[in-house]
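Readers should treat all values here as calculations from the given coordinates under stated rules, not as data from a laboratory. These figures come from a predicted structure and were not determined experimentally. Every residue, glycine among them, receives a Cβ derived from its backbone with ideal geometry; neighbour counts consider all protein chains shown.
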Amino acid sequence: MQCSISECKQKAIETVQISFRETRNLCEEHYKLFSNKDRKHIPKFSKASNS
C-alpha cells in the first residue's frame, strides 16, 4: 500500500479517517504530522540586537 499524499512514494503504515466518509493511507512521516495537528506550539521570541 502506498501513501495517499500525491507527492509521496513511501509505503503506508496507517489508515486514518479524515472525515465521515474519507480515509487515507499515510506513511510514517505524514502520519506523525496528522497525529500532531491539534498540538499547540508556543513561539519563542528573542531580541534581534542588544542596542
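What are the residues in the range 33-47 that are aliphatic (A, V, I, L, M) and surrounded by 10 or more Cβ atoms within 10 Å (Cβ to Cβ), if any?
Once the filter is applied, which keeps residues that are aliphatic (A, V, I, L, M) and surrounded by 10 or more Cβ atoms within 10 Å (Cβ to Cβ), the range 33-47 yields only Leu33.
Could you list, in sequence order, all residues of the range 4-31 that are in contact with a Phe, Trp or Tyr (Cβ under 9 Å, 6 or more places away or on another chain), surrounded by 12 or more Cβ atoms within 10 Å (Cβ to Cβ) and assigned to a loop (DSSP other than H, G, I, E, B)? Spell out the reasoning first.
Taking the range 4-31 first, the residues in contact with a Phe, Trp or Tyr (Cβ under 9 Å, 6 or more places away or on another chain) are 12-14, 16, 18, 24, 26.
Subset that is surrounded by 12 or more Cβ atoms within 10 Å (Cβ to Cβ): 12-14, 16, 24, 26.
Answer for the range 4-31, where residues must be in contact with a Phe, Trp or Tyr (Cβ under 9 Å, 6 or more places away or on another chain), surrounded by 12 or more Cβ atoms within 10 Å (Cβ to Cβ) and assigned to a loop (DSSP other than H, G, I, E, B): Ala12, Ile13.
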